[in-house]
Structure formats: C-alpha cells, structure tokens
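Structure, as structure tokens:
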Amino acid sequence: MESGVKSKSPDHSECRRDRARGATVFIPTVELPQYIVSIAELEGGRRLLSDDITAIEKLAHLVARRIDAIRTAHERYERDIREREMSQLASEAELRALRAQLHPHFLFNALTTIGYLIQAAPNKALTTLMRLSGLLRSVLRNSPEFSTLGEELAIIAAYLDIESARFEDRLSVSIDVSEELRQLRIPTLLLQPLVENAIKHGISESRAGGEVRISADLIGSDSQTPLLHLVVRDTGVGGSGPQFVNGRSRGVGLNNVEKRLNCYEKERAHMHITSHPGIGTQIELVLPAITNTEAVKA
C-alpha cells in the first residue's frame with residue numbers, strides 16, 4: 001500500500017485496470033494522506049472480471065473506513081492527553097494559589113495565640129509553636145498534586161490543634177475516618193480549605209463556638225470504582241444560599257476546591273453545600289476512591 005496525495009471523494013473508490021492485467025485501487029479516506037493499492041498481474045494470464053472489480057472496490061471502502069477510524073481514535077487520544085496536561089497545570093496553579101492564601105491570616109492568628117499563651121500557659125505555647133512549625137513544613141513543601149487522605153487529615157489535625165488553642169472550650173473536633181479509607185488518594189489540600197472555612201465563617205462568628213466534624217465513607221457506583229464521600233460539617237452560624245454563592249465567587253477556598261474537582265474528574269467528582277442560619281454548614285465532596293496502588297498502575 002502506498003501513500004498518495006491525490007484527492008478523491010470520500011464516498012468514491014476507483015479500481016483501474018492496466019495493460020499488464022494488474023490493477024490500481026484508490027482507497028477513499030476522508031482526509032489526506034490517501035492510499036493506493038497496486039495489484040500485480042494475475043497468474044495464468046487471467047484478467048480481472050467485473051465481479052472482481054466490484055469486490056475490490058468494496059474492500060477499498062472497508063479499508064478506508066478502518067483507516068479513518070484509526071486516525072480519529074489517534075486524534076482523540078492526543079486531544080485527551082493535551083486536555084489532561086492542561087488540567088494538571090491548572091490544578092497545580094490552583095494549588096499554589098491556595099497555599100499563598102492559606103498562610104497570611106492563619107499565621108497571624110496562630111502567632112497571636114502563641115503570644116497570648118506565652119504569658120498565660122508557657123508549656124502550651126511551646127506545644128502550639130511546635131505544631132505550627134510542623135504544619136507549615138507540611139504545607140509549604142513542594143508536595144505532589146495528590147496525597148493520601150491520611151496525610152491530608154494529619155495536616156488538618158495540626159491545624160485544628162492550633163485553632164483549639166485559640167478558641168479553647170469554644171471549639172470541639174470530631175474526625176471519623178477509618179484506617180482503610182485513610183489510604184485512599186485525593187488531591188492535596190482538598191479538605192483543609194473546607195475545615196478552615198468552617199472555622200473562619202462558622203465557629204468564629206458564633207459566641208458559643210461549635211463543633212467541626214469530618215467523616216468519610218464509600219458510596220455505591222454503577223462503575224467498577226466506588227466513590228469516596230467526604231463530609232465537613234460545622235455547627236456554627238450557618239448562612240443562606242446567596243451568601244455562599246457570593247462567597248464562592250469572591251473567595252479562593254471553596255472556588256479552588258470546586259475547580260480542582262472539575263479538573264480531577266469532571267463527570268464523577270462534585271461538591272455540594274448545605275447551610276442553614278443558626279444551625280451550621282455541611283460541605284460534601286464526592287470523588288472516585290483511588291488507592292495508591294491503582295494510581296501507580298494508571
């Protein structure tokens with residue numbers, strides 16, 4: 001089979017008999033390059049009959065359709081690779097933005113708390129300072145785009161310990177995640193902004209304080225991979241629908257999480273927010289439950 005640049009109609013193949021009792025068949029692919037099949041002289045001096053020509057032209061159509069299908073599949077594969085690379089770059093940019101906005105106001109609050117504890121409870125001040133050092137080391141390092149749920153919860157636990165020192169009896173924490181689920185792979189710093197949001201906009205706005213609860217479970221799916229269901233719930237002041245819509249459009253935290261979920265797996269990953277004034281807020285994340293072993297295989 002030889003490649004050619006001669007343009008033919010996509011629905012038209014042509015078989016030309018030559019003087020040497022052979023034939024040349026044009027393969028009518030949709031796009032260039034198109035191809036030519038040369039049939040040598042038949043044995044015994046036999047000539048190609050009309051039925052032979054018809055069969056060859058039908059075969060040329062089948063070959064053309066197959067070539068077009070392979071070309072389309074190859075183009076789709078290359079497009080998927082480009083889109084995946086663009087999504088990864090977008091996720092990395094969003095992660096950098098998230099780290100940049102995480103540090104300033106939290107660091108200010110943490111240092112203010114430590115300054116107060118130095119006078120009131122020096123031993124607690126030292127413990128809080130060590131937790132802050134460990135937390136900043138974890139967050140500031142050049143982490144990969146994905147980590148395990150357990151690693152994410154370790155960062156959150158350090159963050160909540162520091163906030164507990166600030167809020168004292170006004171903040172209680174509950175984390176209900178099994179060891180099995182802690183091995184699952186999730187985008188780095190996916191939950192931390194939700195917990196920070198619960199503290200900043202829920203608990204800190206309530207005089208009585210409140211509780212932050214983090215839970216995880218698996219839910220059924222019609223595909224082979226189950227879905228990981230993550231919930232961050234607070235019993236703070238809550239809010240109305242429009243308040244959260246405006247907050248998501250202006251802030252980095254919730255907006256960042258939603259965008260990264262779309263980049264991660266748009267069809268199966270999503271975020272849902274429920275909030276009621278005076279009752280609290282619940283944020284649910286659903287994403288594919290992927291283990292580290294499965295990630296390496298992929």
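The values are calculated or read from the model by the stated rules, or taken from the named source; none is laboratory data. Small disclaimer: the values here were computed from a predicted structure and weren't measured. Neighbour counts run over all protein chains shown; Cβ positions are idealised from the backbone, glycine included. What goes into the accessible areas is simple: the full protein's heavy atoms, side chains included, and nothing from ligands, DNA or RNA. Shrake-Rupley method; radii C 1.70, N 1.55, O 1.52, S 1.80 Å.
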How large is Rg over Rh for segment 158-222, taking Rg from the Cα atoms and Rh as the Kirkwood inverse mean of 1/r across Cα pairs? 1.04
HN-Hα J couplings of segment 65-74 from phi, Karplus 6.51/-1.76/1.60, θ = phi - 60°, integer Hz, Gly and Pro as x? 5, 5, 4, 4, 5, 5, 4, 5, 5, 5
Ranked packing of 284-291, 61-68, most packed first, by mean Cβ within 10 Å: 284-291, 61-68
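Using mean Cβ contacts within 10 Å as the protection proxy, how do 72-79, 154-161 order, highest first? Intermediate values should be presented prior to the final figure.
Numbers: 72-79: 10.4, 154-161: 19.4.
Ranking, from highest mean packing down: 154-161, 72-79.
For segment 149-198, which whole percent of the accessible surface, found with a 1.4 angstrom probe, sits on carbon and sulfur atoms?
40
Local charge sum around Thr274 (other residues, Cβ-Cβ under 10 Å, Lys/Arg +1, Asp/Glu -1)?
Values: positive: Arg233; negative: Glu284.
So the surrounding residues net to 0.
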